[in-house]
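> Have a look at this one before I ask anything.
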Amino acid sequence: MKKQRMAIYVHIPFCVRKCRYCDFLSFPWDSVKAEVYVADLLKEIGQADWSRVEYIESIFIGGGTPSLLAASVIGEILETIFAKAPLSRDCEISMEANPGTVDLKQLKALRKFGINRISLGAQCFQPEILKKLGRIHDDKTIEKTARDVVEAGFSNWNLDLMFDLPGQGIEDVEESIRRAIALSPTHLSYYSLIVESGTPFYEEWEEGRLPMATEEGNRALYHHGRRLMEAAGYHQYEISNFAKRGKACRQNLAYWRRRPYLGFGLGAASMEENSRYINPRDFQIYHSRISQGAMVRELEESMGVQEALSEAMILGLRLTHGISMAELIGKFGSEVDSIRPLIIEQQRLGLLIPGEERIALTEAGMDLANQVMINFL
């Protein structure tokens, strides 16, 4: 198996408290459990097979709230990775942080240890909506933390925003985006709330107590936000992501372009060749495997050519530039012929752009992205 460039994901599952809409793998902060977890994580990274990694193109430390860990601990995690494989000259090393969980001193230390991109989870700027979401911060805390990020010397950073939040109107969306833009992040993400089963929001939604927009209203909020961000110089490069020139998130691009990645930590996924692996989601099982020196990850799915092609289409269509037909043929050969009738049909419906060089969603296709993508399953 030839060596390849690789993206790296590290999962830190701890939060101050779980937000009411969140179904990510996370649990409240526990200093004893966190110490055990970090020790296990370092062992997992050290024991992993790095022989197929030519170089690392990006590292993303997500969660959870990684900024709850001391900067020195983040530095230890990075040093363990750095010892295993070379970095590309311009390797992007991102870390998620929540407003109010990181200060200027910690941000400066994180830069010293190698973090060169911060992703702040703002979500919105209305205190009453933030409280409803279960966020621990308010609008002033967002602005203070953002200013600290800039003062610490980060020239590349993201601000997460959400829309179609309970009780959120178009004026709220506009205020949030304008206040976000005023902070001058180089990247903005803009995701619609999805009410997931098992969350407090899901219970409220089932009982009819969660005021949310209609499908038409949801699309209006999305397009209004898009226009505001694009007018401010943020180029939309993916359905939910906008960036200044040259600042698209490389970790996300690796996922959407279906490049290989290694995941470390609880519940982390890895993808190499056409095989997807998953780590245990249970803390005790994860700890037990690490302690025994056993293989941590297990095979979740081994894809044939057709399944891999379908996945490449679904991921690639998230990008506004879409997928190069030449690149697709280079990877999947004559198998691409099996989806040509589907492509032509979606073009006829006005959901994919015309032509044969590139496969990409039209404006109308973006509104119906899930329906378009499901055709390629």
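> Run down Lys33, Lys108 and say which single residue is of a type in the set (D, E, K, R), modelled with pLDDT of 95 or more and more than 20 Å from Leu266 (Cβ to Cβ).
Only one candidate passes the filter, namely Lys108.
> Here is a list: Ile278, Ile285, Ile290. Which entry is over 26 Å from Arg89 (Cβ atoms), in contact with a Lys or Arg (Cβ under 6 Å, 6 or more places away or on another chain), of a type in the set (A, V, I, L, M, F, W, C) and at pLDDT 95 or above?
Answer to the selection: Ile290.
> Which members of segment 245-255 meet the condition of being among the small types (Gly, Ala, Ser), in a loop (DSSP other than H, G, I, E, B) and under 13 Å from Leu319 (Cα atoms)?
The answer is Ala248, and nothing else.
> If you don't mind, another one. Going by what's in this entry, would Gly100 be described as of a type outside the set (D, E, K, R) and not in a strand (DSSP E or B)?
yes
> Just to be sure I understand, how many residues within segment 357-371 are in contact with a helix residue (DSSP H, G or I) (Cβ under 7 Å, 6 or more places away or on another chain), outside any strand (DSSP E or B) and farther than 18 Å from Arg219 by Cβ?
1
> Return the pairs, sorted by first residue and then second, in which the second residue is among the hydrophobic types (A, V, I, L, M, F, W, C) and assigned to a loop (DSSP other than H, G, I, E, B), the first residue lies in segment 148-168 and is outside the structural domain of Met95 (by TED's automatic domain parsing), the beta carbons are less than 9 Å apart, and the residues are 6+ apart or on different chains.
Within 9 Å, no pair qualifies.
> Could you give me the residue pairs with C-beta distances under 8 Å whose first residue belongs to segment 189-201 and is surrounded by 19 or more Cβ atoms within 10 Å (Cβ to Cβ), whose second residue is of a type in the set (Phe, Trp, Tyr) and assigned to a strand (DSSP E or B) wherever it lies, and which are 6+ apart or on separate chains?
Ser189/Phe242; Tyr190/Phe163; Tyr190/Phe242; Leu193/Phe163
> Among the listed residues Ile323, Ile359, identify the single one that is within 30 Å of Trp50 (Cα to Cα), without any contact (Cβ under 8 Å) to a residue 60 or more places away in the chain and either surrounded by 16 or more Cβ atoms within 10 Å (Cβ to Cβ) or not aliphatic (A, V, I, L, M) (or both).
Ile323
> Give segment 288-325 a look and list any residue that's basic (Lys, Arg) and assigned by TED's automatic domain parsing to the domain that holds Ile359, or say none.
The answer is Arg318, and nothing else.
> Check whether at least one residue in segment 256-276 is assigned to a loop (DSSP other than H, G, I, E, B) and hydrophobic (A, V, I, L, M, F, W, C), and report yes or no.
yes
> Another question, then. Given the conditions (1) surrounded by fewer than 17 Cβ atoms within 10 Å (Cβ to Cβ); (2) touching a residue at least 60 places away in the same chain (Cβ under 8 Å); (3) under 30 Å from Arg52 (Cβ atoms), and given that Ala254 satisfies all but one, which numbered condition is not satisfied?
All conditions pass for Ala254, except number (1).
> Given (1) in contact with a helix residue (DSSP H, G or I) (Cβ under 8 Å, 6 or more places away or on another chain); (2) outside any loop (DSSP other than H, G, I, E, B), where does Gly153 come up short, assuming only one miss?
Only one criterion in (1) in contact with a helix residue (DSSP H, G or I) (Cβ under 8 Å, 6 or more places away or on another chain); (2) outside any loop (DSSP other than H, G, I, E, B) is unmet by Gly153, namely (2).
> Take the residues in segment 339-351 that are touching a residue at least 24 places away in the same chain (Cβ under 8 Å) and in contact with a Leu (Cβ under 8 Å, 6 or more places away or on another chain); name whichever of them is nearest to Ser310 (Cα to Cα).
Per the stated criteria, the residue is Ile339.
Rundown of residues vs (1) outside any helix (DSSP H, G or I); (2) at pLDDT below 95; (3) β-branched (Val, Ile, Thr); (4) closer than 23 Å to Met271 by Cβ, yes/no style:
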{"position": "Ala308", "(1), (2), (3), (4)": "no, no, no, yes"}
{"position": "Lys331", "(1), (2), (3), (4)": "no, yes, no, yes"}
{"position": "Val336", "(1), (2), (3), (4)": "no, no, yes, yes"}
{"position": "Arg340", "(1), (2), (3), (4)": "no, no, no, no"}
{"position": "Gln347", "(1), (2), (3), (4)": "no, no, no, no"}
{"position": "Gly350", "(1), (2), (3), (4)": "yes, no, no, no"}
{"position": "Gly355", "(1), (2), (3), (4)": "yes, yes, no, no"}
{"position": "Met373", "(1), (2), (3), (4)": "no, no, no, yes"}
{"position": "Phe376", "(1), (2), (3), (4)": "yes, yes, no, yes"}
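> In segment 313-332, what count of residues is obtained for those that are of a type in the set (A, V, I, L, M, F, W, C) and more than 14 Å from Arg358 (Cβ to Cβ)?
Residues meeting the conditions: 3.
> Turning to a different aspect of this structure: Suppose we keep only residues that are farther than 19 Å from Gly46 by Cβ and aliphatic (A, V, I, L, M) within segment 257-279. Which one would you say is surrounded by the most Cβ atoms within 10 Å (Cβ to Cβ)?
The qualifying residue surrounded by the most Cβ atoms within 10 Å (Cβ to Cβ) is Met271.
> May I ask you to list the residues in segment 78-99 that are over 16 Å from Ala254 (Cβ atoms) and of a type in the set (Asp, Glu)?
Once the filter is applied, which keeps residues that are over 16 Å from Ala254 (Cβ atoms) and of a type in the set (Asp, Glu), segment 78-99 yields Glu79, Glu96.
> Among the residues of segment 280-311, which ones are crowded, with 17+ Cβ neighbours inside 10 Å and without any contact (Cβ under 8 Å) to a residue 24 or more places away in the chain?
If the condition is that a residue be crowded, with 17+ Cβ neighbours inside 10 Å and without any contact (Cβ under 8 Å) to a residue 24 or more places away in the chain, then Pro280, Arg289 are the ones that fit.
> While we're here: Filter segment 46-74 down to residues that are of a type in the set (Val, Ile, Thr) and touching a Leu at 6+ places or on another chain (Cβ under 9 Å) and give me whichever is farthest from Glu298 (Cα to Cα).
Filtering segment 46-74 for residues that are of a type in the set (Val, Ile, Thr) and touching a Leu at 6+ places or on another chain (Cβ under 9 Å), the one farthest from Glu298 (Cα to Cα) comes out as Ile74.
> Which one is nearest to Asn274 (Cα to Cα), of the residues in segment 28-48 that are free of Cβ contacts under 8 Å to residues at least 60 places away in the same chain and either assigned to a strand (DSSP E or B) or hydroxyl-bearing (Ser, Thr, Tyr) (or both)?
Pro28
The values are calculated or read from the model by the stated rules, or taken from the named source; none is laboratory data. It should be emphasised that the depicted structure is a prediction, and the values quoted were computed from it without experimental measurement. Heads up, the Cβs are rebuilt from the backbone with ideal geometry, glycines too, and the neighbour counts pull from every protein chain shown.
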